[in-house]
Amino acid sequence: FSQTPAPALLRSLVGSEMCIRDSLMAVPLFIVTTAMGGTINVTNNSSNTDNHKLWKEKIIPMFEKENPGIKVKMTIYDHEAYKTAIRNFLQAEPPDVVNWFSGNRMKFFVDQGLFEDVSDVWSQHNLHAKLSSARSTVTLNNKQWGVPTTYYQWGIYYRKDIFAKHGLGEPRSMADLMHICATLKQNGITPFTIGTKYLWTAAGWFDYLNLRINGYDFHMDLMGGDVSYEDKRLDLVFDLWGVMARSGYFIENHASYSWQEGQAPMINGEAAMYLMGNFVVPDLVKAGLGGKIGYFQFPVIDASVRTYEDAPTDSMHIPSRAKNKADAKKFLAFLARADIQGIIADASGMLPANNQSPTPTDEFLKIGFKVLSESAGLAQFYDRDTTPEMAKEGMKGFQEFMVKPEREKQIRKRIERVRKRIFKK
């Protein structure tokens, strides 16, 4: 396949219509607090007993051995209760280290002055190099407000057997992908499956199209409410997306399916590709597609735009009102290490944020590790990068657009009204 640069080619494609949560595989959330000098209380809100065992029998003993003056105790909390509790204890008597989500979810607490600047931990332990691809997920105002621990890749999963049958290879450009879609459609196969019943899957398409066309800075400015949804720079995003929708490149009735139900067309061979997070793989393998599934990055659209990826990330943070920040920083540095992140990621089926961690043995995680480590930067996903209210309205619009692309103008106008109301910009 060719690597023809975009904007001219892309515009020719658009002008001729004839021619993805919270992390579903998230590492359990945990809090670390200091009860008294030399004691760190770790609270874990996961129901994953294997993970509890990992922390109690391996991670904690390793930390205590290397830091003989500090003892660690773990207490387990309910997952849902934690989401409310963290908002309360950060403003009252917070623990010393908390696990949370990067991106806008982190920004919410940073803006309230509840998270500590830990840029010194990054500088002292050379984390700018070791956590380079995930650095943007915890960076605000050129400062680092936490340490990313694990994440997972998004991308396009496809049926290798269907591609082979029709003489298709992995695309290296958007032109290649459009050729693949046209070929599959001509042979009675819907190019992409998707289930947009719960909205966020449609956001995956918006994220990648915008990141590939307009780049990371523009995308994050949009997420932060600084750019209008009627901005002309988004025209090409909706133009290309609209061509795909009008061409029948997505399965019919996808608004009625959950992301899990959206797997069925791919499993039975009615569709060949799925833009999704790596958590989709186990279900496809269980359905008998082991060895028949391949993966490729969302292709380049504009060769002048650097390649960024969606990679929902969990991270560790120190509350600004923590009492033992010195030991908290030791713990963050420990959890940022390549060996420790490798252990945690392996147990959770995710990827370590440290690019020097051992390469995963799983086929798709191995590919994802390379993709994310070499990425120019990582977005967190639409509903993590913007505010909850904005995400809800935006994703409703994206789902509607995929069903009725002719309503683009009205949809973007409606989303824009919400942006102005929420961000007052």
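Considering only the stretch 139-153, how many residues are open to solvent by less than 10 Å² (accessible area, probe 1.4 Å), part of a loop (DSSP other than H, G, I, E, B) and not polar (S, T, N, Q)?
Number satisfying all stated conditions: 2.
Please give the number of the condition I156 fails out of (1) farther than 30 Å from D117 by Cα; (2) in a helix (DSSP H, G or I); (3) open to solvent by less than 20 Å² (accessible area, probe 1.4 Å).
(2)
Could you check the stretch 111-138 and list, in sequence order, the residues that are open to solvent by less than 40 Å² (accessible area, probe 1.4 Å) and either over 19 Å from Q91 (Cβ atoms) or touching an Asp or Glu at 6+ places or on another chain (Cβ under 9 Å) (or both)?
Matches in the stretch 111-138: V118, S119, V121, W122, L127, L131, S133, A134, S136, T137, V138.
Residues A255, A245: which one is of a type outside the set (K, R), in a helix (DSSP H, G or I) and farther than 19 Å from I180 by Cα?
Matching residue, one of A255, A245: A255.
Can we say K330 is at negative phi, at pLDDT below 95 and assigned to a loop (DSSP other than H, G, I, E, B)?
It is false that K330 is at negative phi, at pLDDT below 95 and assigned to a loop (DSSP other than H, G, I, E, B).
Can you tell me which of V72, V14, V97 is among the hydrophobic types (A, V, I, L, M, F, W, C), at pLDDT 65 or above and in contact with an Asp or Glu (Cβ under 7 Å, 6 or more places away or on another chain)? Before the answer, list the steps.
On the way: V14 fails: at pLDDT 65 or above; V97 fails: in contact with an Asp or Glu (Cβ under 7 Å, 6 or more places away or on another chain).
Just a single option satisfies the conditions, and that option is V72.
Quick check on my filter: what residues within the stretch 37-68 are part of a loop (DSSP other than H, G, I, E, B) and at pLDDT 75 or above?
G38, N67, P68
For the stretch 291-327, which positions are in a helix (DSSP H, G or I) and of a type in the set (A, V, I, L, M, F, W, C)? Steps first, answer last, please.
Of the residues in the stretch 291-327, the ones in a helix (DSSP H, G or I) are 325-327.
Passing the criteria: only A326.
With a cut-off of at least 1 residues that are over 17 Å from the mean Cα position of the chain (by Cα), name the helices (runs of 4 or more DSSP H) lying wholly within the stretch 380-425.
388-403, 408-423
Could you tell me whether G288 is of a type in the set (G, A, S), at pLDDT 95 or above, in contact with a His (Cβ under 8 Å, 6 or more places away or on another chain) and assigned to a helix (DSSP H, G or I)?
Numbers: of a type in the set (G, A, S): yes; at pLDDT 95 or above: yes; in contact with a His (Cβ under 8 Å, 6 or more places away or on another chain): no; assigned to a helix (DSSP H, G or I): yes.
Against the criterion (of a type in the set (G, A, S), at pLDDT 95 or above, in contact with a His (Cβ under 8 Å, 6 or more places away or on another chain) and assigned to a helix (DSSP H, G or I)), G288 does not qualify.
Identify all residues within the stretch 191-233 that are closer than 20 Å to I156 by Cα and of a type in the set (V, I, T); write none if there are none.
Correct list: T193, I194, T196, T201, I213.
State which residue is surrounded by the fewest Cβ atoms within 10 Å (Cβ to Cβ) when the search covers only the stretch 281-320 and only residues that are of a type in the set (K, R) and out of contact with any Asp or Glu (no Cβ under 8 Å at 6 or more places or on another chain).
Ranking the candidates gives K286 first.
Name, by its number, the condition in (1) closer than 14 Å to M402 by Cβ; (2) in contact with a helix residue (DSSP H, G or I) (Cβ under 6 Å, 6 or more places away or on another chain); (3) not small (G, A, S); (4) not in a helix (DSSP H, G or I) that does not hold for L209.
(4)
Every residue in the stretch 357-370 that is open to solvent by less than 30 Å² (accessible area, probe 1.4 Å) and touching a Gly at 6+ places or on another chain (Cβ under 7 Å), please.
S357
Within the bounds of the stretch 406-413, is there any residue that is surrounded by 15 or more Cβ atoms within 10 Å (Cβ to Cβ), within 26 Å of M62 (Cβ to Cβ) and among the acidic types (D, E)?
no
Six or more apart or on different chains, Cβ under 8 Å: which pairs go from a residue in the stretch 379-408 that's at positive phi to one that's open to solvent by 10 Å² or more (accessible area, probe 1.4 Å)? Could you list them?
Short answer, once both residue conditions are applied: F381/R21; F381/G103; F381/W200.
For residues in the stretch 258-285 being among the polar types (S, T, N, Q) and in a loop (DSSP other than H, G, I, E, B), which is farthest from L372 (Cα to Cα)?
So the residue we want is N268.
Can you pull out every residue in the stretch 352-379 that is hydroxyl-bearing (S, T, Y) and not in a helix (DSSP H, G or I)?
Kept after step one, since they are hydroxyl-bearing (S, T, Y), are these residues of the stretch 352-379: 357, 359, 361, 373, 375.
Correct list: S357, T359, T361, S375.
Okay, residues lined up against (1) open to solvent by 30 Å² or more (accessible area, probe 1.4 Å); (2) more than 19 Å from the chain's Cα centre (by Cα); (3) of a type outside the set (S, T, N, Q):
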position	(1), (2), (3)
Y208	no, no, yes
E230	yes, yes, yes
L240	no, yes, yes
Q260	yes, no, no
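The values are calculated or read from the model by the stated rules, or taken from the named source; none is laboratory data. Since this is a predicted model, take the numbers as computed values, not measurements. Reconstructed Cβ throughout: ideal geometry from the backbone, glycine too, with neighbour counts over all protein chains shown. SASA here: full protein model, heavy atoms, side chains in, ligands and nucleic acids out. Shrake-Rupley method; radii C 1.70, N 1.55, O 1.52, S 1.80 Å.
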